[in-house]
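Colleague: Let me begin by handing over the structure; questions about it come next.
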Amino acid sequence: AVVMDAPASPTATGAVMHTLREAGLPFTQLRAGRLANASLRYSHLILPDDGAGGKRWQRALGEGVFTRLKGFLQEGGVILGLEGGAGALVRGGVGETGLHYLRKADEEAWLKEKDPKREKPKADPGDLLQPWGEREERTAKESIPGALLKLKVDLSHPLAWGLNTEEGAALNTSDLILEPAVAGEIALHYPKGPLRLAGILPPALEPKLHQTAYALRERKGRGALILFAGDPLFRGGAPFTARSFLNAIFFGAYTPPED
């Protein structure tokens, strides 16, 4: 089932549907508003990007839906969260992976949400005195407008089967950072060192991405939660990461025989 309608990004949802149709995989279009009560008789649920790092999904779905999704995983279901979909699943407590944001305002809002007693940090005088005309430029330095970034690949992991290279690339237009957790199996991650292959990556942001996950899996009961920090199907033109997405469908809950 592909979760659709507001607040899902129309282009992100379209890319998911296009990819599934091209692969010949049947799917149900499940309206977001029905997640609270619909019978979840599906093998997989796909939560596309919401264009807001998961904040819109979290507000729209509510705590009760995330509790249902935990039960869906325990019973053997597989959930794929793509970019904002991944952020929402972490924010909703479905996953144990750490979550951060590149933008200072988003990061502070998230930290405040986790700890309501957290005091707001004092404003930097240098920021307050910055010329008004340069504020837009400052904001641009806290985001990635679009860059092709280097990935390190764990070829032994089911999410990476068939990629046939230990180094790949992903298009990053995201504010989202997924920090590896003990429960997570990291299939693709951003390594240390230079990451930019093409596009715009503000230098100050590069260290924040080092050794963070792009694609990971958390085993939950008989099911699996699979999170992508970016959109692996961006406009239907990302074949490398699209392979990892299809692996997530076919091998998402794969368990080695000895287990």
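Colleague: Give the value in nm², to one decimal: projected area of the alpha carbon convex hull of segment 167-253, averaged over all directions. Write out the running numbers ahead of the final one.
Modeller: On the way: hull surface 24.2 nm².
Taking a quarter of the hull surface, the average projection is 6.1 nm².
Colleague: Compute the separation of the alpha-carbon centres of segment 205-259 and segment 125-146 and state it in Å as a whole number.
Modeller: About 33 Å separates the Cα centre of segment 205-259 from the one of segment 125-146.
Colleague: Could you calculate the contour length gain from LEU111 to GLN211, that is, 0.36 nm times the residue separation minus the distance between their Cα atoms, to one decimal place in nm?
Modeller: Stretched out fully, the LEU111 to GLN211 stretch lengthens by 33.9 nm.
Colleague: Another one. Which of LYS70, LYS220, LYS120 moves most in a GNM of the chain, Cα contacts under 10 Å?
Modeller: For the chain, modelled as a Gaussian network with Cα springs under 10 Å, the answer is LYS120.
Colleague: Grab the eigenvalues of the alpha-carbon gyration tensor for segment 111-150, scale each by 5, take roots, and send me the semi-axes largest first in whole angstrom.
Modeller: The equivalent ellipsoid of segment 111-150 has semi-axes of 25, 21, 7 Å.
Colleague: So, one more: Could you please state how large a percent of the accessible area of the chain is carbon and sulfur, counting protein chains only and using a 1.4 Å probe?
Modeller: Roughly 52 percent of what the probe reaches on the chain is carbon or sulfur.
Colleague: What does the convex hull of the alpha-carbon atoms of segment 73-127 project to on average, in nm²?
Modeller: For segment 73-127, the mean projected area of the Cα convex hull comes to 4.9 nm².
Colleague: A further question follows. Over the chain, give the accessible area per residue in Å² for a 1.4 Å probe, as an integer.
Modeller: About 50 Å² of surface per residue is accessible.
Colleague: Something else: By how many nm would the segment from LYS141 to ARG31 lengthen if fully extended, with 0.36 nm per residue of separation less the alpha-carbon distance? Provide the component values of the computation, followed by the final result.
Modeller: Values: separation 110, 0.36 × 110 = 39.60 nm, distance 3.58 nm.
Value of the extension gain: 36.0 nm.
Colleague: Using helices alone, what [θ] at 222 nm do you get for the chain, with -39,500 (n - 2.57) per DSSP H run of 4 or more residues, divided over all residues and rounded to the nearest 500?
Modeller: When only DSSP H runs of four or more count, the value is -9000 deg cm²/dmol.
Colleague: How big is segment 108-259 along each principal axis, measuring the range of its Cα positions in Å and listing the largest first?
Modeller: That works out to 61, 39, 27 Å along the principal axes.
Colleague: What number, in percent, do you get for the relative contact order of the chain if the mean sequence gap of Cα pairs under 8 Å and at least 6 apart is divided by its residue count?
Modeller: Relative contact order here is 22 percent.
Colleague: Can you list the lysines whose alpha carbon is less than 21 Å from that of LYS112, not counting same-chain residues fewer than 8 positions off?
Modeller: Counting by Cα, and skipping residues close in sequence, LYS112 has these lysines nearby: LYS55, LYS104, LYS120, LYS122, LYS208.
Colleague: Please list, ordered by chain and number, the residues whose modelled amide H lies under 5 Å from the amide H of MET4; skip anything fewer than 5 residues away on the same chain.
Modeller: Correct list: LEU30, ARG31, ALA32.
Colleague: If you don't mind, another one. Any idea how far apart ARG103 and GLU166 come out in nm if each label point goes 7 Å out from Cα toward Cβ?
Modeller: Placing both labels 7 Å along Cα→Cβ, they lie 3.8 nm apart.
Colleague: I'd like the FRET efficiency for GLU134 and PHE240, computed as 1/(1 + (r/R0)^6) with the beta carbon distance as r and R0 of 30 Å, rounded to 0.05.
Modeller: Values: r = 37 Å, r/R0 = 1.22.
After rounding, the FRET efficiency stands at 0.25.
The values are calculated or read from the model by the stated rules, or taken from the named source; none is laboratory data. On a predicted model such as this, the values are computed, not experimentally measured, just so you know. Every residue, glycine as well, gets a Cβ built from its backbone with ideal geometry; the counts of neighbours run over all protein chains shown. Just the protein is used for accessible areas: all its heavy atoms, side chains included, with ligands, DNA and RNA removed. Shrake-Rupley method; radii C 1.70, N 1.55, O 1.52, S 1.80 Å.
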